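*Asks:* Have a look at this one before I ask anything.
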Amino acid sequence: MDHFNLRDGELFAEDVPLARIAAEVGTPVYVYSTATFQRHARVFREGVAAAGKSNLAFAIKANPNLGVLRVLANEGFGADVVSGGELHRALAAGMPAEKILFSGVGKTREELALGLDMGIGQFNLELEEEGVVLAELAAARGLRAPAVLRVNPDVDAGTHAKISTGKAENKFGLPIDQARAIFDRLAPLPGIDLRGVALHIGSQLKSLAPLEAAFTRVGELIAELREAGHRITHVDLGGGLGVPYRDDENPPSPADYGAMVARVTRDWGVELMFEPGRVIAANAGVLLTKVLWVKPGVTNPWVIVDAAMNDLARVALYDAWHDVAAVRPTGARMVANVAGPVCESTDVFAKAREMDAVASDDLIVLRSAGAYGATMASTYNSRALVPEVLVSGDRYAVVAKRIAAETIMDAEQVPDWLE
């Protein structure tokens, strides 16, 4: 459920007409619904409650906007971060340091030190050497770094190859059959509190079966580690729960997910951690864009809009689907391609799509754009960086300004020897 609905023939975000935002802020623009973020956060929390004590850490990579993060901080969420920049964002948004998990396969020594100095709640280790370095940095500060070892259970998530992270050939985690030996070597180091394991097998999962298989393997590992004398108190189950981008998709609900987790983990005796991202954010946002032209095509007309692949890269990267809807639909329908103005053949949002009939200057939205949208935007073709708007009831605020190409150019300079 989201809060983008038609009223008297016009699409609203909560109680704000999208046409008003387009007129006052311009297009293209991301529009987020506070009420939808709140509802999704609460539904996820309620869904996993049956699994017992847990820490909910929003995956900041999905949507790092400070306004969005503040909404989730107010809902009691911590953060899953994968860079020093994301760590600073989480803290700036009011997320407590002790609720921050630092993931990622390429943390620098400076980022590890930053996490220690900020007092974050957990480091998710990706390799043995990282654990050794972390222990040294922590010991030099008179600390013991709270950490878990990320394992790769070699489970196919059944998702798009570019967002699969749990197979043996993926770069993430350590082979699960090596975990015992690595624990034996890392756990005795004085600067580290190696207290558990983590996993994350992929994103946009549409079935619970791969997750259950992975969690079952981790349960077996926990028993093995405890038998070897290791203290296991925390397990990070990652994220990955899918969302419905299309009307015919029906991914598992947080309640279904939570029931499975409760069943599989009931004898683990640990605090569980979750890293939801897309499931919280995707359907809480839309990309609002204006039709520039309707260009005749050989098979279907081309609806050329002012948003482009630099604003929303998911379609070009993953062949992703985003529903297309007119802000003021007339009831008429058409079959068309929807594309942006960037000079790439991949700058296409939809092909041969049955959609609301539109004409030049009409407004349309690309739905389910609240996750992996603005955060992946670029200035390719020297286009402005897309702005973001957060709606709450009958009010809205620009929470990220449009950054013009001229402003970006101000950061560049021609060297003296070329003048």
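*Asks:* If you stretched the chain out fully between Arg180 and Glu129, how much longer would it get, using 0.36 nm times the residue separation minus the C-alpha to C-alpha distance?
*Replies:* 16.8 nm
*Asks:* Probe of 1.4 angstrom, ligands and nucleic acids ignored: what's the accessible area per residue over the range 78-142, in square angstrom?
*Replies:* That works out to 38 Å² for each residue.
*Asks:* Could you tell me the calculated FRET efficiency between Ser253 and Thr216, based on Cβ-Cβ distance and R0 = 22 angstrom, to the nearest 0.05?
*Replies:* 0.60
*Asks:* Let me ask something else about it. Given the Cα-Cα distance of Val105 and Met409 and 0.36 nm per residue of separation, how much length would full extension add, in nm?
*Replies:* Once the chain is fully extended between Val105 and Met409, it gains 106.2 nm.
*Asks:* In a GNM of the chain with a 10 Å cut-off on Cα contacts, which of Asp311, Asp247, Asp394 has the highest mean-square fluctuation?
*Replies:* In the Gaussian network model the winner is Asp247.
*Asks:* Find how much the distance from Glu98 to Ala359 grows on full extension, using 0.36 nm per residue of separation minus their present alpha carbon separation; answer in nm with one decimal.
*Replies:* Difference between extended and current length: 88.8 nm.
*Asks:* Between Glu344 and Trp417, how many nm apart are label points set 7 Å from Cα along the C-beta direction?
*Replies:* Going by the 7 Å Cα→Cβ label model, 3.3 nm.
*Asks:* Once neighbouring chains are kept in place and the probe is 1.4 Å, which whole percent of the accessible area of the chain is contributed by carbon and sulfur?
*Replies:* Reported share for carbon and sulfur atoms: 51 percent.
*Asks:* Now for a separate question. Along Cα→Cβ, 7 Å out, is where each label goes; now give me the distance between the ones at Ser207 and Arg402 in nm to one decimal.
*Replies:* For the pair Ser207/Arg402, the computed spacing is 4.5 nm.
*Asks:* I've got another one for you. Just one of [x] -0.27, -0.59; [y] -0.24, -0.54; [z] -0.35, -0.69 is log10 I(q)/I(0) by the Debye sum over Cα atoms at q = 0.06, 0.09 Å⁻¹ calculated from these coordinates, so which is it?
*Replies:* Recomputing log10 I(q)/I(0) by the Debye sum over Cα atoms at q = 0.06, 0.09 Å⁻¹ here gives the entry labelled [x].
*Asks:* Further question on the same structure: Over 27 Å between Cα atoms, which of Lys206/Lys351; Lys61/Lys206; Lys351/Lys401; Lys107/Lys206; Lys290/Lys401; Lys206/Lys290 qualify?
*Replies:* Cα-Cα > 27 Å for Lys351/Lys401; Lys107/Lys206; Lys206/Lys290; rest within.
*Asks:* Keeping every protein chain present and rolling a 1.4 Å probe, give me the accessible area per residue for the range 188-275 in Å².
*Replies:* For the range 188-275, the solvent-accessible area averages 40 Å² per residue.
*Asks:* Would the range 1-123 count as rounded, prolate or oblate if I go by the C-alpha gyration tensor, calling it rounded below 1.5 in a/c and otherwise prolate when a/b exceeds b/c, oblate otherwise?
*Replies:* Judged from the Cα gyration tensor, the range 1-123 comes out oblate (a/c at least 1.5, b/c at or above a/b).
*Asks:* Relative to the first principal axis of the alpha-carbon coordinates of the chain, what is the inclination of helix 128-140, with its axis defined by its Cα atoms, in degrees from 0 to 90 and to the nearest 10?
*Replies:* Long axis of 128-140 versus the principal axis of the chain: about 70 degrees.
*Asks:* Pull up all non-local amide H partners of Ala325: gap of 5 or more, or a different chain, and H-to-H distance under 5 Å with H placed in the peptide plane.
*Replies:* So Ala325 has HN proximity to Val365, Arg367.
*Asks:* Right, another one. What figure, in Å² to the nearest 10, do you get for the accessible area of His234 with a 1.4 Å probe and non-protein molecules left out?
*Replies:* Near enough 30 Å² of accessible area.
The values are calculated or read from the model by the stated rules, or taken from the named source; none is laboratory data. Bear in mind the structure is a predicted one, so any value in this text is a computation, not a measurement. Neighbour counts run over all protein chains shown; Cβ positions are idealised from the backbone, glycine included. Side chains included, ligands, DNA and RNA excluded: accessible areas come from the protein's heavy atoms. Shrake-Rupley method; radii C 1.70, N 1.55, O 1.52, S 1.80 Å.
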